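What follows is a short report on a single structure.
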Amino acid sequence: MSAGFAGPAGDAVERVWFSPDGVGLHALLREGEQWTSNDEGATWQPATEVGPSGPQPLAVAPEASNLRPGIVRNPYRSGVSYALSEHLYRSEDGGGEWVNLTQTGGHSVIGPWQTAVAISPLDPSLIVVANSMGLWKSYDEGVTWSSLNSNLPNFPEARFLPAAPGSQPALISARLGVAEIVRTHAGRLWKVTPHSGLPSGRIPTGDGRNGVLPRNLPPPGFEASRNLWEERQPDFSGLANCNGRGHCEAASITAVALGTRLWAGTSDGRIWVSADSGGSWYLARSDPDGGPVASLWADPALPFTALAISGDQILRTTDGGATWFDIGSNLPAANWRAIRGHTAAGSAYAAGPEGVYYSAVRLDVPGPAGPWQSIGSDLPGAGAADLELDASRGRLYALVPGFGVFWTRTPQVDTALRILSAADWTERPAAPGTLLTVVGASALSARAGGLPAPILDRTGMRTQLQLPYSISGQSVRLQLAESDGMRTVEMALQKVAPAIFVVAGEPLLLNAGTGTLVGWSRPASAGETILVLATGLGEVAPAWPAGLPSPERDPPGPVAQIAATLNGSPVEVLSTHLASGFTGMHVVEVEIPGDTNPGTALLAISADGQASNPVSVVVSR
């Protein structure tokens, strides 16, 4: 919808044609795969015949003026021809005059660079067009269009972006840009946005005419690289010449991981580690015969723990890369593409042409891995190209070539004991009065620093509680009483640990005038006021007991100094107080400057200079 297409888009389709009897519709995809449909594109099956047939584009016709397209004549209607160029054109007088069938609002409603058109022998008004964005059907010779891409296994090649803790997964595609899951009033959808690190536009302006699609769209190393992500691009300048310690100028970065350290794998089998955000690097592994490093995962909390895929090996290190052990055990020998792990859950996940596999393995200490077992038996296609683990929600996402994105529950992660901020489901230091979500425990009661920590909700193996406002110090001991005993966790404690609430990837921002959620369907307007819902702002005045909803009149406010920024620039905070009728939730009233440009902007709040998680706010004029 945001791209202005007549329906869902896909990857490029090279050719399309009808069988002589008009029943079968055949498509030749970008990578040479061939699919057949016997219901005009509603469903698809792998093709049994080899090679395209049917009407072929003729030589360039002079009557097409300077368009230089390929011409396809309708064999069933005299004088009707179609011209294939950036747009699709039709002529009803043998090429004397041409009508643009796809241009609307300055772009093609079915995508640019048409490569083939198929005309049904059963109905000459039914045409199907192949182009750089998939397959498109028209029952009226191109007046109106619909997409055939929803069920065609032709999802564009993509990779997951490294995800911030608690955030929804996001994809990066050389052909589509960046796509992330957003929540709307109707449910969830993928929103595609441009990406500055990719070529401008979806198809380059070079010679894509005459049905020839460019083959060099992805940037170098894109197919296996994980080093492209918005606003978190690490500095690899110190790795360009390996700091004079090796000869890797010709090696490209094929995998990266960002934990407490930065890890980079290269096409010549080396793994480099940086403890200063890329300022300097040390060589952690060198195995030129082991094959390119296809994937890396680093523990976000343990600086010396990482997993890597090199060739057909699944490698683990627990000492910062000084030693590596192959934990592949019984995994089938294959070109594995992606590796993910979770230390607290003692689990590792691998994806490749054999599908998705799971192993129970200690990641923080040396030792053998448990047997690997397949967990992707219900995935379509032949394997998975990438993985992303949303540990906060216990979900594993798999990217299946051609078919798209699938997810499954990960009971191992879901039941591991974790103490998360209730706002954005990330692990962060606690603060007095903070709302916490305890995953992996069903607590009957809780104490923090020896004081009662009220239980607000308990569902399955998840417990929501509030820390007392009166706790202090640099750490706090959280005791959870369950039906089968007591569990104790030590947590780092700060005076403030601000966090903005995020639900299903969307921040809880309200229009101050109407009380409605601010989002893509209801953007904020420049010059108006929004309400930001947050927790972790520390002590309040006048004092208020934990676990008790805030009063309707004169609710307490935080003792800390509260500020806010929009795209890094300070914005005015009009008021801050506990949300009336709610427990442990603060309302920060922020004014959107009148000169804010339309689009998405990054909003963050801070308490005594401690910044919260940044969230996106949609702004309109």
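Read-outs throughout are calculated quantities, based only on the coordinates presented, and are distinct from any laboratory measurement. Note that the structure is predicted; figures quoted are calculated from it, not measured. Don't worry about glycine lacking a Cβ; one is built from the backbone with ideal geometry, like all the others, and counts go over all protein chains shown.
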Percent relative contact order for region 241-378, counting Cα pairs under 8 Å at least six residues apart, stands at 15 percent
Working note, region 446-573: Cα radius of gyration (Å, one decimal) and Dmax (Å, whole number) are 17.5, 55
In whole percent, what relative contact order does region 518-591 give with Cα contacts below 8 Å and a gap of six or more residues?
37 percent
Distance between the C-alpha centers of region 434-503 and region 98-120? Whole Å please.
58 Å
From the Cα gyration tensor of region 295-365, with a ≥ b ≥ c the square roots of its eigenvalues, which class applies: rounded if a/c is under 1.5, or else prolate if a/b is larger than b/c, or else oblate?
prolate
Just the number: Rg to Rh for region 397-505, Cα atoms, Kirkwood Rh, two decimals.
1.06
Expected output is a single nm value to one decimal: the length gained when fully extending between residue 444 and residue 275, i.e. 0.36 nm times separation in residues minus the C-alpha distance. What is it?
56.7 nm
I'd like to compare 40-47, 466-473: which one has the highest average count of other Cβ atoms within 10 Å, and what's the full order after that?
466-473, 40-47
At the level of C-alpha centres, the distance separating region 343-388 and region 284-322, in angstrom, is 15 Å
For the pair residue 365 and residue 144, what calculated FRET efficiency results from E = 1/(1 + (r/R0)^6), where r is the Cβ-Cβ distance and R0 = 60 Å, to the nearest 0.05?
0.45
Dimensions of region 553-596 along principal axes (Cα, Å, largest first)?
34, 19, 15
Distance (nanometres) between label positions extended 7 Å along Cα→Cβ at residue 483 and residue 21
6.3 nm
Hey, could you grab the Kirkwood Rh for region 562-621? Inverse mean 1/r over distinct alpha carbon pairs, Å, one decimal.
12.3 Å
